[in-house]
Amino acid sequence: MQKLPESLSAVVEQLARLPGLGPKSALRAAMTFLRWPATETRRLGAAIFELREHLHLCGSCGAISDTDPCAICSDPARGRDVLCVTADWDSLLCIEDGGFYSGQYFILGGLLAPTGDRAAENMNLERLDARLAGGEIREVIMALGTTVEAENTEAFLCARLRREHPDMLLSRLAQGIPLCSEVKFMDRDTLRQSLKYRQALK
Ligand SMILES: [Zn+2]
C-alpha cells in the first residue's frame with residue numbers, strides 16, 4: 001500500500017486491529033469517515049472517547065455498564081437468590097434479551113483451555129467468591145455452553161463450589177434436541193445428550 005498521510009495511516013492502523021477488518025477495509029472505513037460531514041466524524045470520535053470515559057465494569061456481575069452496580073444488579077424487581085453464570089457479556093445479553101430470566105448474573109470473563117494447565121487467571125473467580133460470600137445466592141445456574149472448554153470450566157467450577165458452598169444448588173442449562181426439530185435430523189452427540197438428560201413426563 002502506498003504511503004498514506006500520517007494522520008490517515010494512524011487511523012487505518014488502529015482500525016485494521018479490529019476483528020474482521022484488514023488494512024484494505026480499514027482504509028475504506030477511514031476514507032468513509034473523511035467523506036462524512038465533519039460533525040458526524042467528530043461525533044463518532046467523541047462516542048469512542050466516551051466509551052472509555054463513562055463505561056465501567058459492574059463490580060457485582062462484571063457487565064459493561066455506565067453505572068456500578070449495573071441496571072440489572074440494582075433492579076429491585078429481580079430475584080436475588082439465583083445466579084446465572086455466563087462466559088461473556090454477549091451470552092448475558094442473549095439470555096436477557098429473551099426476557100424469561102429475572103435472577104442475577106455473573107460473567108466469568110473466560111473459559112478454561114481444553115488441555116494443559118488448569119490455572120484460571122482469565123476467570124473472575126475472586127469476584128465470584130465475593131458474590132457468593134454475600135450469602136444471598138441459593139442456586140448457581142451454569143450457562144456456559146457445551147464446547148470442550150465450557151464443559152471443562154463447568155466441571156472445575158462445580159468442584160470448587162461444592163467444596164466451598166456445599167449447600168448451594170448447582171444446575172446447568174438443559175441439553176438436547178432444539179425446538180421444532182425432528183429426531184431423525186439430530187447428530188449423534190445431540191441425541192446422546194438428549195437421552196442422558198431425558199425428562200420425566202408429568
Ligand atoms: Zn451488574
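Coordinate-derived values only; no laboratory data. Please read these numbers as outputs of a predicted model, since none were measured by experiment. With ideal geometry, Cβ positions are generated from the backbone for all residues, glycine too; neighbour counts draw on all protein chains shown.
Observations, loosely collected:
- Only one of the listed residues (Leu92, Leu111) is more than 13 Å from the ligand (Cβ to nearest atom) and surrounded by 18 or more Cβ atoms within 10 Å (Cβ to Cβ). That residue is Leu111.
- Among the numbered conditions (1) surrounded by 15 or more Cβ atoms within 10 Å (Cβ to Cβ); (2) within 14 Å of the ligand (Cβ to nearest atom), the only one that Thr67 does not meet is (1).
- Selection status of Leu55, away from the ligand (no atom under 12 Å from the Cβ), among the hydrophobic types (A, V, I, L, M, F, W, C) and closer than 30 Å to Glu121 by Cβ: yes
- Conditions (1) over 22 Å from Cys70 (Cβ atoms); (2) in contact (Cβ under 8 Å) with a residue 24 or more places away in the chain: number failed by Gln104: (1)
- Hits in region 50-109 - residues which are farther than 23 Å from Glu149 by Cα, aliphatic (A, V, I, L, M) and assigned to a loop (DSSP other than H, G, I, E, B): Leu55, Ala71, Ile72, Ala77
- Selection from region 59-89 of residues that are of a type in the set (A, V, I, L, M) and in contact (Cβ under 8 Å) with a residue 24 or more places away in the chain: Ala63, Ile64, Ile72, Ala77, Val82, Leu83, Val85, Ala87
- Of all residues making up region 175-202, the number that are within 24 Å of the chain's Cα centre (by Cα), surrounded by 10 or more Cβ atoms within 10 Å (Cβ to Cβ) and assigned to a loop (DSSP other than H, G, I, E, B): 3
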